Amino acid sequence: MVENEEIVIPGEKVGTLEEVIPGRGTFEENGIVYSMGLGKLRFDIEEMKASVRTLKSPAQIRKRDLVIAVVNDIRNSMVVARVVHIVGNDRQIAGETTASLHVSKVSRDYVQDIRRMFRICDYIRARVIQVRPSLQVSTAEGDLGVLRALCMRCRAPMTRKDNTLKCPECGRIETRKIGADYGDVDLSKL
Ligand SMILES: [Zn+2]
């Protein structure tokens, strides 16, 4: 089986019946073999068979989606985070993934200093509250917030200790808007 990196689009010619046998993801018409969908073209050299492995179409972020995002900038009244995953959807994300989280949307309680709630590189679970004209998320719901945080001093993943986080390496205590499932989400599978 040879898989070249060639991407074919629906209706694209992949060969003739003299050259290839139409396999999965293809169809034949008047002696020409075409791709049925958007996908990666494969040739089975032994069988002379062409097939197309369909690519999943990318997902769009919608209002009300739950997302997982990584904080990459912190300003006075907001954090900026890159959405890396839509909860319940394993497809790649199309379009804008840079979201802002305003200080007023961090918690139901008044937040004076957003830097006590989030730090750069934190993984957070948040709710999409606006998609256009700009992507905005909220962690005001009680169970939303930080899923994983690294110690500011030694970069070790911190463990939850009541309403704070503690570094198992150096003992440093930090504060966050901690999500209900802090430490329980396998982020390597995203
Ligand atoms: Zn530490």
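Coupling constants for region 30-38 follow from the phi torsions by the Karplus curve (6.51 cos²θ - 1.76 cosθ + 1.60, θ = phi - 60°), and in residue order they are 6, x, 10, 9, 10, 7, 7, x, 7 Hz; glycine and proline get x. Let a ≥ b ≥ c be the square roots of the eigenvalues of the Cα gyration tensor of region 2-54; is it rounded (a/c under 1.5), or, if not, prolate (a/b larger than b/c) or oblate? It is oblate, given that a/c is not under 1.5 and a/b is not larger than b/c.
Here the accessible area of region 2-54 is 53 percent carbon and sulfur, with a 1.4 angstrom probe and all protein chains present. Per residue, the accessible area of region 41-190 comes to 58 Å², computed with a 1.4 Å probe over protein heavy atoms only. Taking the chain as a Gaussian network of alpha-carbon nodes connected by springs under 10 Å, the highest mean-square fluctuation of the residues Met36, Met158, Met78 belongs to Met36. Couplings 3J(HN,Hα) of region 42-59, computed from phi: 10, 10, 8, 4, 5, 8, 6, 9, 9, 9, 10, 8, 5, 8, 5, 6, x, 8 Hz, in residue order, whole Hz [Karplus 6.51 cos²θ - 1.76 cosθ + 1.60, θ = phi - 60°; x for Gly and Pro]. Need the C-alpha centroid separation for region 117-179 versus region 1-51, integer Å. Result: 48 Å between the Cα centres. The amide H of Val33, built 1.01 Å from its N in the peptide plane, has Val14, Gly15, Thr16, Leu17 as neighbours under 5 Å, considering only residues 5 or more places off or on other chains. Gyration tensor analysis over the Cα atoms of region 60-148 returns equivalent ellipsoid semi-axes of 20, 12, 12 Å (largest first, whole Å).
Here the Karplus relation 6.51 cos²θ - 1.76 cosθ + 1.60, evaluated at θ = phi - 60°, turns the backbone of region 16-24 into coupling constants of 10, 5, 5, 8, 9, 9, x, x, 4 Hz, with x for every Gly and Pro. A 1.4 Å probe, protein heavy atoms only, puts the accessible area of Thr54 near 100 Å². Considering only Leu165, Leu38, Leu135, the mean-square fluctuation computed in a Gaussian network model of the chain, springs between alpha carbons under 10 angstrom, is largest for Leu38. Taking amide H as placed 1.01 Å from N in the peptide plane, Cys151 has its amide H under 5 Å from the amide H of Ala156, Met158, each at least 5 places away in sequence or on another chain. Amide hydrogen proximity for Ile21: with H placed 1.01 Å from N in the peptide plane, the residues at 5 or more positions away or on another chain lying under 5 Å are Lys49, Ala50. Here the chain is assigned +1 on the Cβ of each Lys and Arg and -1 on the Cβ of each Asp and Glu. Its dipole about the Cα centre then comes out at about 1520 debye.
The values are calculated or read from the model by the stated rules, or taken from the named source; none is laboratory data. As the structure is a prediction and not an experimental result, all values here were calculated from the model. Heads up, the Cβs are rebuilt from the backbone with ideal geometry, glycines too, and the neighbour counts pull from every protein chain shown. Side chains are part of the model used for accessible areas, which takes the heavy atoms of the whole protein and leaves out ligands, DNA and RNA. Shrake-Rupley method; radii C 1.70, N 1.55, O 1.52, S 1.80 Å.
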